[in-house]
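The values are calculated or read from the model by the stated rules, or taken from the named source; none is laboratory data. Quantities reported herein were computed from a predicted structural model and do not represent experimental measurements. Note that we place each Cβ from the backbone using ideal geometry, even for glycine, and neighbour counts take in every protein chain shown.
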Amino acid sequence: MNARTIISDLLLGLIPIVLLVAVWQALVSFGYAPVTLLPPPGHVFQRMVALLLNTTYQRDIAATLFRLFAGFAIAVILGVSVGLAAAVNPTINAAVRPIVRVLAPLPKVALYPALLLLVGFGHESKILLVTFDALFPILLSTYYGASTVEQKLIWSAMAAGTPPREVLFKVVLPAAAPSILTGCRIGLVISCIVVFLAEMITSTDGLGHVLVTAARTFQAVDMFVPLITISLLGLILNGLLELLRSYLLRGFPEV
Amino acid sequence: MQPAAVHKPATAMIQIDHVSQMFQTSARQDHLALSDISLSVANGAFVSILGPSGCGKSTLLYIVGGFVQPTKGIARMKGEAIRGPGPDRGPVFQEFALFPWKTVLGNVMYGPRQQGVKHAEAEAQSRALLEMVGLKGFENFYPKELSGGMKQRVALARTLAYHPEVLLMDEPFGALDAHTRTRLQNDLLNIWERDRKTVLFVTHSVEEAVFLSDKVVMMTPSPGRIRQIVDIDLPRPRRRAELLLDPRYQKYVVEIERMFDDSGELQP
Amino acid sequence: MMRRVAPCLACIGLLLVWQLASLALNNDSFPTALEAIRAIPAVLGDKDSLVNFGASLRRMTIGFSVALAVSIPLGLLMGRSRAVASFFNPLLMVIYPVPKAALMPIIMLWLGVGDLSKTLVIFLGVSLPVIYHSFEGAKAVEEKMLWSGAAMGLSAIQRLVRIVLPAALPEILTGCRTGLVLALITMITSEMIARQSGAGNILFNALDMGQYDTVFAMIIIVGAMGIGLDALFERLRARLVRWAEPQFDIPLSFS
């Protein structure tokens with residue numbers, strides 16, 4: 001992935017956004033939607049710029065980002081460690097497998113009230129929810145990547161003198177990197193979504209809270225702004241992760 | 001041709017004593033891959049293990065490599081029982097098994113670095129090895145950017161880098177096209193002539209076995225047993241062009257193929 | 001046998017951990033597992049709750065079914081026709097990172113607080129993974145199979161239905177499984193955001209009223225719903241695609 005492909009991909013990705021805005025403007029201009037329900041793109045972007053310069057909104061963004069990163073980071077550390085451990089150790093595998101099977105299909109958001117009761121209404125409950133939701137894709141991708149490492153890679157490393165306890169970090173982890181990073185990408189998207197939703201359900205700050213507040217006062221414009229903000233944040237973060245991914249996986253054949 | 005006697009000198013590099021290997025298949029059945037294999041490999045000998053698919057020849061190699069523990073019997077190197085993999089027995093696999101996250105140079109340097117060799121020295125040694133296998137200039141490439149033949153050269157260089165006394169080659173040229181295969185066979189012999197390591201070479205090609213080796217161990221399929229061991233009495237160094245026209249070479253190939261035919265077993 | 005028993009053991013294990021933790025923490029707002037379990041019959045027996053549950057399930061079923069009816073054909077078409085794919089891809093790429101349940105307030109603004117807005121959100125949430133997987137599944141169908149079909153005189157539509165659909169079925173069902181989980185999550189979340197009826201509503205009502213036993217009882221019930229639906233779907237999927245290679249559901253579970 002060189003600079004040229006990245007730029008052309010970026011431009012290609014902008015086209016749908018431009019299209020959407022165009023459709024949006026058309027809907028408003030042709031009177032298909034009343035201004036109170038669907039404000040013109042111009043209004044929304046104006047408001048957005050104004051809010052981005054506003055310190056309160058900046059604090060909201062900061063709160064959302066903080067919870068997002070914290071939750072995601074914990075999910076990555078936990079998910080990768082447990083996934084690797086389960087892949088190489090049969091006992092851990094036997095213990096982890098059924099637990100994951102039970103917990104994975106559970107709608108984690110249903111745990112949110114429990115979290116609120118246990119750790120309060122502040123940052124922690126949202127961070128924990130993000131962690132629970134982002135954990136499983138990362139764990140499963142890590143497990144999958146680590147357990148499908150080509151046996152001959154491990155044998156080659158051992159014949160070259162790698163002691164068994166080092167094989168995990170010198171062979172299994174790098175070989176599983178593509179899978180792990182795919183899981184992280186899914187986990188990141190989930191983190192963005194969940195933090196926003198948690199803030200919508202109960203919060204005193206954050207982007208989700210801004211949206212709900214605007215909804216209660218029927219301010220359509222103010223509802224669009226946080227939504228677009230989180231989408232943009234998600235896109236940017238995803239892009240950054242992609243860059244990291246291309247760099248780390250530069251030796252791997254394209255899948 | 002007389003079957004070579006199974007002798008047990010104390011100086012044998014590799015000694016395989018009554019090794020059997022049983023596998024459990026997914027259908028919960030027992031599959032006897034190898035049955036009572038006994039074999040002695042002298043120091044500096046180039047020995048091929050020849051047989052059709054499913055005769056356990058790779059399994060035998062993996063047992064010597066220490067990657068698989070035999071269900072019965074013992075494999076020894078220089079008198080010591082083989083318990084696990086180690087840098088004294090270096091493998092070269094058909095699938096190349098190069099580390100995709102490392103460059104060509106990084107791959108070759110892996111063994112020496114693992115042995116504690118300092119970075120600068122490991123790099124110098126590795127560059128020299130890469131030049132020897134004909135890959136000078138490709139040090140910073142990633143394996144994915146190389147052809148099959150080139151990948152196998154890297155694999156060979158990577159194994160040679162940690163100076164194993166024994167080379168274990170598992171159908172190393174099987175995934176390559178015929179032209180690349182013959183070139184690599186020649187190159188392998190050239191490299192081998194330099195220090196005459198002990199080589200165990202698994203193949204299903206009669207011509208390849210005869211061309212490369214001092215001894216050909218013929219195996220039967222399921223369960224794998226040693227059918228016969230054939231001494232290849234051809235002069236070294238061996239040149240493909242000369243050998244192909246040499247009636248002794250042709251005789252070996254014809255007779256070995258006939259032995260497989262006569263037994264009613266699959267042609268390798 | 002161990003495979004069947006293990007998840008049950010895991011459930012029991014988790015409940016045990018819960019029981020011990022709540023006893024240790026001795027917090028009024030953290031009832032023990034037993035107390036929560038004891039509250040379940042009361043929740044299920046209450047007529048109001050049943051109405052709420054019924055509404056939830058109804059919305060989820062409608063949203064899910066309509067989503068499948070629309071998304072599978074769309075995905076298949078996109079997979080086989082470059083034109084269709086190029087048309088819809090940009091639009092979908094933009095919608096993807098947006099948290100669908102977060103659209104609730106906006107949709108509520110347009111469509112009111114009733115069933116329609118919640119069902120629409122569920123529809124949106126389910127559609128995306130199903131379209132994506134149908135698209136991927138259809139794309140992967142071997143050309144040669146279709147050529148054989150054409151040689152046998154099948155028209156384009158017939159080929160789509162009789163060759164592409166069955167061949168892509170394993171991948172489609174993977175998408176449906178993701179969609180099912182998302183349907184449940186989106187349903188609960190939308191009900192937590194727009195509290196008016198449904199299981200999410202029960203949860204937060206209980207939270208507001210301090211009926212902590214009920215809160216946790218609801219969590220168990222919703223959790224059981226999630227696990228149960230997923231298990232049922234797995235059975236169905238295994239039967240429908242017995243002939244297929246085993247698939248690995250990356251974000252969801254060990255298959």
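Here A:LEU140 does not fit the description of being more than 9 Å from every other protein chain (Cβ to nearest Cβ) and either crowded, with 24+ Cβ neighbours inside 10 Å or in a helix (DSSP H, G or I) (or both). Of everything in the range B:144-164, what is farther than 22 Å from B:GLN115 by Cβ and in a helix (DSSP H, G or I)? Give them in sequence order. Answer for the range B:144-164, where residues must be farther than 22 Å from B:GLN115 by Cβ and in a helix (DSSP H, G or I): B:LYS144, B:GLU145, B:GLY148, B:GLY149, B:MET150, B:LYS151, B:GLN152. Going by the structure shown, is C:VAL126 of a type in the set (Val, Ile, Thr), buried (at least 24 other Cβ atoms within 10 Å of the Cβ) and within 12 Å of another protein chain (Cβ to nearest Cβ)? For C:VAL126, the condition - of a type in the set (Val, Ile, Thr), buried (at least 24 other Cβ atoms within 10 Å of the Cβ) and within 12 Å of another protein chain (Cβ to nearest Cβ) - is not met. When residues in the range B:87-118 are screened for being more than 7 Å from chain A (Cβ to nearest Cβ) and of a type in the set (Gly, Ala, Ser), 2 of them pass. Within the range A:176-198, if we keep just the residues that are within 14 Å of chain B (Cβ to nearest Cβ) and either surrounded by 22 or more Cβ atoms within 10 Å (Cβ to Cβ) or under 18 Å from A:ILE77 (Cβ atoms) (or both), the residue that is modelled with the lowest pLDDT turns out to be A:SER179.
Check the range A:45-64 and report whether any residue there is crowded, with 16+ Cβ neighbours inside 10 Å, of a type outside the set (S, T, N, Q) and in contact with a His (Cβ under 9 Å, 6 or more places away or on another chain). Checked against the condition, which is being crowded, with 16+ Cβ neighbours inside 10 Å, of a type outside the set (S, T, N, Q) and in contact with a His (Cβ under 9 Å, 6 or more places away or on another chain), the range A:45-64 yields at least one hit. Filtered by the rule that a residue be buried (at least 24 other Cβ atoms within 10 Å of the Cβ) and at the interface with chain C (Cβ under 7 Å from one of its Cβ atoms), the range A:209-218 gives a lone residue, A:LEU211. Checking each residue in the range C:77-128 for being of a type outside the set (A, V, I, L, M, F, W, C), farther than 23 Å from C:GLY200 by Cα and more than 22 Å from the chain's Cα centre (by Cα) picks out C:GLY79, C:ARG80, C:SER81, C:ARG82, C:SER86, C:ASN89, C:PRO90.
Taking first residues from the range A:99-117 that are under 17 Å from C:ASN27 (Cβ atoms) and more than 7 Å from chain C (Cβ to nearest Cβ) and partners that are crowded, with 21+ Cβ neighbours inside 10 Å and among the acidic types (Asp, Glu), no Cβ contact under 8 Å between residues at least 6 apart in sequence or on separate chains turns up.
Per the listing C:GLU171, C:GLU136, C:GLU142, the residue uniquely more than 14 Å from C:LEU76 (Cβ to Cβ) and not β-branched (Val, Ile, Thr) is C:GLU142. Tallying residues that are among the charged types (D, E, K, R), outside any strand (DSSP E or B) and under 22 Å from B:ILE82 (Cβ atoms) within the range B:165-177 yields 2. Here B:GLU131 passes the criteria (1) over 30 Å from A:GLU254 (Cα atoms); (2) without any contact (Cβ under 8 Å) to a residue 24 or more places away in the chain except the one numbered (1). Inclusion of C:LEU203 among residues that are within 11 Å of another protein chain (Cβ to nearest Cβ) and farther than 20 Å from C:SER65 by Cβ is warranted. When the residues of the range B:199-228 are filtered to those that are of a type in the set (Val, Ile, Thr) and not in a strand (DSSP E or B), the one that is modelled with the lowest pLDDT is B:VAL206. Here is the figure for the range A:147-175: residues that are in contact (Cβ under 8 Å) with a residue 12 or more places away in the chain and either crowded, with 22+ Cβ neighbours inside 10 Å or not polar (S, T, N, Q) (or both) total 12.
For C:ILE106, the test of being under 22 Å from A:ILE17 (Cα atoms), among the β-branched types (Val, Ile, Thr) and touching a Gly at 6+ places or on another chain (Cβ under 9 Å) is failed. Restricting attention to the range A:201-223, the residues being farther than 27 Å from A:GLU124 by Cβ and either assigned to a loop (DSSP other than H, G, I, E, B) or not assigned by TED's automatic domain parsing to the domain that holds A:LYS126 (or both) number 3. Note on the range A:54-126: no enclosed helices (runs of 4 or more DSSP H) hold 2 or more residues that are touching a Gly at 6+ places or on another chain (Cβ under 7 Å), modelled with pLDDT of 90 or more and among the basic types (Lys, Arg). Checking every residue in the range B:162-173 against the condition of being among the aromatic types (Phe, Trp, Tyr), away from chain A (no Cβ under 12 Å), within 16 Å of the chain's Cα centre (by Cα) and under 30 Å from B:ARG238 (Cα atoms) gives at least one match. Restricting the range B:140-153 to residues that are crowded, with 19+ Cβ neighbours inside 10 Å and within 14 Å of chain A (Cβ to nearest Cβ) leaves a set whose member that is nearest to the chain's Cα centre (by Cα) is B:GLN152.
In this structure, C:ILE185 does not satisfy being under 15 Å from A:LEU103 (Cα atoms), free of Cβ contacts under 8 Å to residues at least 24 places away in the same chain, out of contact with any strand residue (DSSP E or B) (no Cβ under 8 Å at 6 or more places or on another chain) and facing another protein chain (nearest Cβ under 9 Å). Contact map, the range C:12-36: residues that are farther than 15 Å from C:VAL215 by Cβ paired with residues that are of a type in the set (Ser, Thr, Tyr), Cβ distance under 7 Å, separation 6+ or inter-chain. Pairs shown: C:GLN19/C:THR32; C:LEU23/C:THR32. Of everything listed in (1) surrounded by 12 or more Cβ atoms within 10 Å (Cβ to Cβ); (2) out of contact with any Pro (no Cβ under 9 Å at 6 or more places or on another chain); (3) not acidic (Asp, Glu), the single unmet condition for C:SER22 is (2).
B:PRO85 satisfies every condition listed in (1) in contact (Cβ under 8 Å) with a residue 24 or more places away in the chain; (2) closer than 30 Å to A:GLU166 by Cα; (3) of a type outside the set (Lys, Arg) except (1).
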